[in-house]
């Protein structure tokens with residue numbers, strides 16, 4: 001069986017083909033529609049049946065869609081899995097060509113898990129949601145710059161005005177995109193119901209619902225709550241070795257940072273304003289000795305469990321089921 005590994009970056013993609021276990025030379029293509037078409041022709045000539053690439057934010061998505069359209073069996077793996085596989089192979093160097101070869105070996109040796117393609121509406125909503133997240137980050141940075149500039153009398157007034165205009169422009173962009181996403185959601189009754197369920201959660205309004213929706217829409221329907229947590233990088237990571245190393249668990253962060261970002265503010269708000277969530281948050285700090293940030297991460301994790309159950313069972317948020325003081329099992 002001929003398989004291929006593709007290392008993806010923002011500008012280029014690097015291809016390595018494995019023919020019956022023998023790795024060929026790496027070839028580089030542009031990460032553009034034209035580059036994808038050339039790469040696909042190369043795969044067809046080599047009679048490749050299976051392709052493995054690494055999830056790299058937005059950069060891999062168009063290529064994965066093009067490969068899927070061309071009829072290839074596509075596997076998209078977590079970068080953490082690729083890194084650990086490379087370590088197990090005792091790979092000494094890290095270049096695009098080496099990474100592509102590692103992915104080809106991963107495709108040849110590991111069980112195949114087919115990539116599940118999101119529908120076009122889901123992709124459009126996620127693209128808008130991630131653009132909103134980027135604009136929010138830029139707005140925050142500009143606000144911080146404005147604050148710093150206002151602390152010194154040496155800053156010219158026109159620079160203060162410039163930053164204020166930039167903030168207003170970002171806010172207008174964000175509002176425009178949010179309205180556009182809501183218009184897209186309004187075209188589908190199921191999506192409308194999902195948003196309604198999301199905003200039933202204390203701390204989630206339309207802004208947070210859009211961010212969450214954009215990420216949850218593209219997840220496979222058969223994923224469990226535990227898999228959602230792992231996808232978000234909110235699963236505890238143990239660090240133990242022998243009898244001398246036993247560090248406290250921390251979240252792995254080996255997952256979707258957009259999903260973590262979308263959960264953070266709702267978790268903070270719910271821990272302040274929802275009695276049951278606040279009780280759980282205080283229990284984590286006062287009884288289990290967690291730091292505030294650790295407790296917030298635990299609330300994020302439990303909120304994600306709750307959202308999974310809500311969407312699966314088509315129910316609204318029930319705060320009374322979030323936490324009972326008698327609970328002793330860690331979430």
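The values are calculated or read from the model by the stated rules, or taken from the named source; none is laboratory data. Note that the structure is a prediction, hence the values are computed from the model and not measured. Please note: Cβ atoms are built from the backbone with ideal geometry, for glycine as well, and neighbour counts cover all protein chains shown.
Tabulated data for the structure shown
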| item | result |
| --- | --- |
| Where residue 142 falls short, out of the listed (1) within 24 Å of residue 31 (Cα to Cα); (2) assigned to a helix (DSSP H, G or I); (3) touching a helix residue (DSSP H, G or I) at 6+ places or on another chain (Cβ under 7 Å) | (1) |
| Hits in segment 92-107 (condition: in contact with a helix residue (DSSP H, G or I) (Cβ under 9 Å, 6 or more places away or on another chain) and either buried (at least 20 other Cβ atoms within 10 Å of the Cβ) or modelled with pLDDT under 90 (or both)) | 92, 94, 99, 102, 103, 105, 106 |
| Cβ-Cβ under 7 Å pairs, at least 6 apart or on other chains, segment 12-27 side free of Cβ contacts under 8 Å to residues at least 60 places away in the same chain, far side part of a strand (DSSP E or B) | 13/6; 13/7; 13/29; 19/2; 24/16; 24/17; 27/15 |
| Only one of 110, 89 that is at pLDDT below 90 and either closer than 13 Å to residue 6 by Cβ or touching a helix residue (DSSP H, G or I) at 6+ places or on another chain (Cβ under 8 Å) (or both) | 89 |
| Segment 164-209, residues that are outside any helix (DSSP H, G or I) and over 16 Å from residue 263 (Cβ atoms) | 186, 187, 188 |
| Tally, over segment 91-119, of residues that are under 13 Å from residue 74 (Cα atoms) and without any contact (Cβ under 8 Å) to a residue 24 or more places away in the chain | 1 |
